[in-house]
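For reference, the structure is listed below as structure tokens.
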Amino acid sequence: MSGELEAMGAAVREKLGEQAVVDEAELQRFLVGCGNVVPKAAHVYAKSRQWREAEKVDGILEDERMKELEPRVRRYQQYVEGLEDRDGRPVAVWRAGRVPVRGMMEDIGCADVLRTHIYLKERSLQRARERGHATHVLVLDLDQLGMAQMDREGLAALKSGIEIEQRYYPETFERIVIVRAPWIWSAMWNMVNP
């Protein structure tokens, strides 16, 4: 373990308790995500561990409720998994431009949509680890993206999803590929980018 990682591990144990289990690869992700600033990375990592515990993220893949909820969300979101890039990393394709946001939010609600996002993220990262990687690839297909996805609740859910990715999953995308982005995408991105 490098000196920076050792210092970060010590700072995390100070915040979470001496028995806190810290994963070196996870520490490295947070350190890079925080610009190699050890105190900031330790703080953000500790907050992430607290969030994971409060939200019961570590058991989400075994959660029977999630196994029932995911197919309901998939009725609205066209999300394809099971692909791999040439290095064996998992690739997911999300056809975000085709999501009927208002109907999804009325039927499922923002909290469960975000919970499903976390579930899918954890599953992608688990698949990445099984293949010897720490990252995955997202292809974001924005064909047909328009004003229907820009209502207040849809934008709030998108912004919350982006914040979850940035706060709790730094450096987990190998790359994000955006395809078929219409002109409205840049305006929408400026409204939700934290």
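Of all residues in segment 84-102, those that are of a type outside the set (A, V, I, L, M, F, W, C), in a helix (DSSP H, G or I) and open to solvent by less than 30 Å² (accessible area, probe 1.4 Å) total 1. Condition check for Gly82 on (1) without any contact (Cβ under 8 Å) to a residue 24 or more places away in the chain; (2) within 30 Å of His43 (Cβ to Cβ): one failure, at (2). Contact map, segment 49-69: first residue under 15 Å from Leu120 (Cβ atoms), second residue among the acidic types (Asp, Glu), Cβ cut-off under 6 Å, separation 6 or more or different chains; pairs are Ile60/Glu122; Leu61/Glu122; Leu69/Asp112. Among the residues of segment 140-155, those that are touching a helix residue (DSSP H, G or I) at 6+ places or on another chain (Cβ under 8 Å) and modelled with pLDDT under 85 comprise Leu145, Gly146, Met147, Ala148, Gln149, Met150, Asp151, Glu153, Gly154, Leu155.
What is the residue count in segment 18-56 for residues that are at pLDDT below 85 and either under 14 Å from Arg167 (Cβ atoms) or surrounded by fewer than 17 Cβ atoms within 10 Å (Cβ to Cβ) (or both)?
Qualifying residue count, segment 18-56: 5.
For Glu174, indicate whether it is assigned to a helix (DSSP H, G or I), acidic (Asp, Glu), closer than 20 Å to Ala92 by Cα and touching a residue at least 40 places away in the same chain (Cβ under 8 Å). It is false that Glu174 is assigned to a helix (DSSP H, G or I), acidic (Asp, Glu), closer than 20 Å to Ala92 by Cα and touching a residue at least 40 places away in the same chain (Cβ under 8 Å).
Closer than 30 Å to Trp94 by Cβ and either surrounded by 13 or more Cβ atoms within 10 Å (Cβ to Cβ) or modelled with pLDDT under 90 (or both), is that true of Leu5? No, not satisfied.
Quick grid of which residues meet (1) of a type outside the set (Lys, Arg); (2) surrounded by 14 or more Cβ atoms within 10 Å (Cβ to Cβ); (3) touching a helix residue (DSSP H, G or I) at 6+ places or on another chain (Cβ under 6 Å):
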{"site": "Leu114", "(1), (2), (3)": "yes, yes, yes"}
{"site": "Ser124", "(1), (2), (3)": "yes, yes, no"}
{"site": "Arg127", "(1), (2), (3)": "no, yes, no"}
{"site": "Leu138", "(1), (2), (3)": "yes, yes, no"}
{"site": "Ala157", "(1), (2), (3)": "yes, yes, yes"}
{"site": "Ser160", "(1), (2), (3)": "yes, yes, yes"}
{"site": "Ala181", "(1), (2), (3)": "yes, yes, no"}
{"site": "Trp189", "(1), (2), (3)": "yes, no, no"}
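Remark: pairs (first residue in segment 115-130, among the β-branched types (Val, Ile, Thr); second residue crowded, with 20+ Cβ neighbours inside 10 Å; Cβ separation under 6 Å; 6+ apart in sequence or on different chains) = Thr116/Val73.
The values are calculated or read from the model by the stated rules, or taken from the named source; none is laboratory data. Because the structure is predicted, anything quoted here is derived from the model rather than measured. A quick note on method: Cβ atoms are made from the backbone with ideal geometry, for glycine too, and the neighbour counts reach across all protein chains shown. All accessible areas refer to the heavy atoms of the entire protein, side chains included, with ligands and DNA or RNA removed. Shrake-Rupley method; radii C 1.70, N 1.55, O 1.52, S 1.80 Å.
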